Amino acid sequence: MIMSDLKNDLPKHLAIIMDGNGRWAENKGKNRVKGHAHGVRALQEVVEEAVQLKIEYLTLYAFSTENWNRPQEEIGVLMKLLVNTLRSEFEKLLENRIKLKVVGNMDQLPNFVQEELRYVVSQTQNNNEMTLTLALSYGGREELTNTLKKIAEKVKNNIISPEDIDESVINEHLYTRGLPEVDLLIRTSGEKRISNFMLWKIAYAELYFSEVLWPDFGKEDLHKALICYQKRERRFGKTSKQLIG
Ligand code: IPE
Ligand code: IPE
Ligand code: MG
């Protein structure tokens, strides 16, 4: 596959559920947290490749609302790893003109994580090559609940009337506002579920499941997913004939 072939018809918004870090480590007789550390390598490779391919929006599911139920020790390691990665990758974000965005319930994150995120988000806000969104302490249901609360508050204060609520109003109140709909959603590690990710924005996404565990996922695996995506016919409710016409 020649790079230039791959570059046509790419998803504008690619989202990835980075799964399988724990199993990767357990398979090697190591502690689960080693898997997370190796997951960072995969993340670097995928982000770099997405930049090369000029994918406009890349969203990565890094920590879910449900992940707060994991052992405290694992959560602690993940939070430290996140801050260390933000620091080590900071220069690369600037060099590649990547804008960092965060979606999720930020208040639940430890202060040192919130501070680091705020800093990197503000320092990269004017970058325009790619928007890299980290879904952190993120849950699709929590996002929709929060959205409903915000809209209800506006209705109560007569800022908007119930008749004005349409899809665009809902879109404007999501954590993921400003992001286009997801075109391609990849999940690694062989699990075939959504696990509460981006419920609203994946409504018409193409789904791709890879058997590869996230720490082993690389550029070639990403290419495979993209090639598969390019072969799909996205009909959005229409008939094939209508699309050709
Ligand atoms: C994904 O890997 C990373 C996070 C959820 C933070 P897991 O930690 O879920 O790995 P498995 O699924 O247990 O192998
Ligand atoms: C989903 O993976 C969350 C992230 C990848 C951050 P999980 O491993 O937490 O999901 P389940 O438990 O398999 O559904
Ligand atoms: Mg998992």
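Quick test of your reading of the structure: residue 200 fulfils all but one of (1) open to solvent by 80 Å² or more (accessible area, probe 1.4 Å); (2) more than 16 Å from ligand 3 (Cβ to nearest atom); (3) in contact (Cβ under 8 Å) with a residue 24 or more places away in the chain; (4) not β-branched (Val, Ile, Thr). Name the failing condition by number.
(1)
Hey, can you tell me all the residues within region 51-82 that are under 16 Å from residue 37 (Cβ atoms) and in a helix (DSSP H, G or I)?
Answer for region 51-82, where residues must be under 16 Å from residue 37 (Cβ atoms) and in a helix (DSSP H, G or I): 73, 74, 75, 76, 77, 78, 79, 80, 81, 82.
Only residues in region 225-239 that are more than 12 Å from residue 183 (Cα to Cα) count as the first member; pair them with residues that are in a loop (DSSP other than H, G, I, E, B) and at pLDDT below 95, Cβ under 8 angstrom, at least 6 apart or cross-chain, and list the lot.
Within 8 Å, the pairs are 227/1.
Under 30 Å from residue 73 (Cα atoms) and among the basic types (Lys, Arg): which single residue out of 101, 149 fits that description? Step through it out loud before you land on a result.
On the way: 149 fails: under 30 Å from residue 73 (Cα atoms).
After ruling out the rest, the residue left standing is 101.
So, in region 154-197, of the ones that are of a type in the set (D, E, K, R) and over 20 Å from residue 103 (Cβ atoms), which residue ends up farthest from ligand 3 (Cβ to nearest atom)? Quick ask: steps written out before the conclusion?
Taking region 154-197 first, the residues of a type in the set (D, E, K, R) are 154, 156, 163-164, 166-167, 172, 177, 181, 183, 187, 191-193.
Cutting the leftovers down to over 20 Å from residue 103 (Cβ atoms) gives us 154, 156, 163-164, 166, 191-192.
Details: 154: 37, 156: 39, 163: 42, 164: 40, 166: 36, 191: 7, 192: 12 Å.
Checked region 154-197; the qualifying residue farthest from ligand 3 (Cβ to nearest atom) is 163.
Where residues in region 169-195 are within 13 Å of residue 205 (Cα to Cα) and open to solvent by less than 10 Å² (accessible area, probe 1.4 Å), which of them is nearest to ligand 1 (Cβ to nearest atom)?
Applying the first criterion (within 13 Å of residue 205 (Cα to Cα)) to region 169-195 yields 180-187, 194.
Now narrow it down to the ones that are open to solvent by less than 10 Å² (accessible area, probe 1.4 Å): 182, 184-186.
Working: 182: 19, 184: 19, 185: 15, 186: 13 Å.
Out of the qualifying residues, it is 186.
What are the pairs with Cβ atoms under 8 angstrom where one residue, in region 110-129, is free of Cβ contacts under 8 Å to residues at least 24 places away in the same chain and the other, located anywhere, is surrounded by 12 or more Cβ atoms within 10 Å (Cβ to Cβ)? Sequence gap at least six, or different chains.
Sorted first by the residue in region 110-129, then by its partner, the pairs are 114/106; 121/100; 121/101; 121/102.
Quick one: is residue 168 at positive phi and not in a loop (DSSP other than H, G, I, E, B)? Even if it seems obvious, please write down each step before you answer.
Working: at positive phi: no; not in a loop (DSSP other than H, G, I, E, B): yes.
The answer is no for residue 168.
Looking at (1) assigned to a strand (DSSP E or B); (2) open to solvent by less than 20 Å² (accessible area, probe 1.4 Å), can you tell me which one residue 127 breaks?
(1)
Looking at 61, 57, which is the one that is touching a residue at least 60 places away in the same chain (Cβ under 8 Å), within 16 Å of ligand 3 (Cβ to nearest atom) and either open to solvent by less than 10 Å² (accessible area, probe 1.4 Å) or under 13 Å from the mean Cα position of the chain (by Cα) (or both)? Before the answer, list the steps.
Values: 57 fails: within 16 Å of ligand 3 (Cβ to nearest atom).
Step by step, each of 61, 57 is checked, and only 61 is touching a residue at least 60 places away in the same chain (Cβ under 8 Å), within 16 Å of ligand 3 (Cβ to nearest atom) and either open to solvent by less than 10 Å² (accessible area, probe 1.4 Å) or under 13 Å from the mean Cα position of the chain (by Cα) (or both).
Among the residues of region 178-198, write down those that are away from ligand 2 (no atom under 13 Å from the Cβ), touching a helix residue (DSSP H, G or I) at 6+ places or on another chain (Cβ under 8 Å) and part of a loop (DSSP other than H, G, I, E, B).
Initial filter on region 178-198 (away from ligand 2 (no atom under 13 Å from the Cβ)): 178-184.
Within this subset, residues satisfying the condition of being touching a helix residue (DSSP H, G or I) at 6+ places or on another chain (Cβ under 8 Å) are 183-184.
Passing the criteria: only 183.
Among 9, 5, 19, which is the only one that is among the acidic types (Asp, Glu), at pLDDT below 95 and in a loop (DSSP other than H, G, I, E, B)? Before the answer, list the steps.
Working: 5 fails: in a loop (DSSP other than H, G, I, E, B); 19 fails: at pLDDT below 95.
Sole residue among the options that is among the acidic types (Asp, Glu), at pLDDT below 95 and in a loop (DSSP other than H, G, I, E, B): 9.
Taking the criterion of being away from ligand 2 (no atom under 12 Å from the Cβ), surrounded by 14 or more Cβ atoms within 10 Å (Cβ to Cβ), under 15 Å from the mean Cα position of the chain (by Cα) and closer than 18 Å to residue 135 by Cα, would at least one residue in region 18-31 satisfy it?
So far as region 18-31 goes, no, none of its residues is away from ligand 2 (no atom under 12 Å from the Cβ), surrounded by 14 or more Cβ atoms within 10 Å (Cβ to Cβ), under 15 Å from the mean Cα position of the chain (by Cα) and closer than 18 Å to residue 135 by Cα.
Condition (residue is open to solvent by 20 Å² or more (accessible area, probe 1.4 Å), at pLDDT 95 or above and either within 16 Å of ligand 2 (Cβ to nearest atom) or part of a strand (DSSP E or B) (or both)) applied to region 108-115: is it met by at least one residue?
Residues of region 108-115 that are open to solvent by 20 Å² or more (accessible area, probe 1.4 Å), as a first pass: 108, 110-112, 114-115.
If we keep only those that are at pLDDT 95 or above too, we end up with 108, 110-112, 114-115.
Now restrict to residues that are either within 16 Å of ligand 2 (Cβ to nearest atom) or part of a strand (DSSP E or B) (or both): 108.
Checking region 108-115: at least one residue is open to solvent by 20 Å² or more (accessible area, probe 1.4 Å), at pLDDT 95 or above and either within 16 Å of ligand 2 (Cβ to nearest atom) or part of a strand (DSSP E or B) (or both).
For region 83-105, what are the residues that are part of a helix (DSSP H, G or I) and in contact with a strand residue (DSSP E or B) (Cβ under 7 Å, 6 or more places away or on another chain)? Step through it out loud before you land on a result.
Taking region 83-105 first, the residues part of a helix (DSSP H, G or I) are 83-95.
Residue satisfying the conditions is 93 alone.
The values are calculated or read from the model by the stated rules, or taken from the named source; none is laboratory data. Treat the numbers as computed from the prediction; the structure is a model and nothing was measured. Backbone-built Cβ (ideal geometry, glycine too); neighbour counts: all protein chains shown. Surface areas here come from the heavy atoms of the whole protein model, side chains and all, with no ligands, DNA or RNA. Shrake-Rupley method; radii C 1.70, N 1.55, O 1.52, S 1.80 Å.
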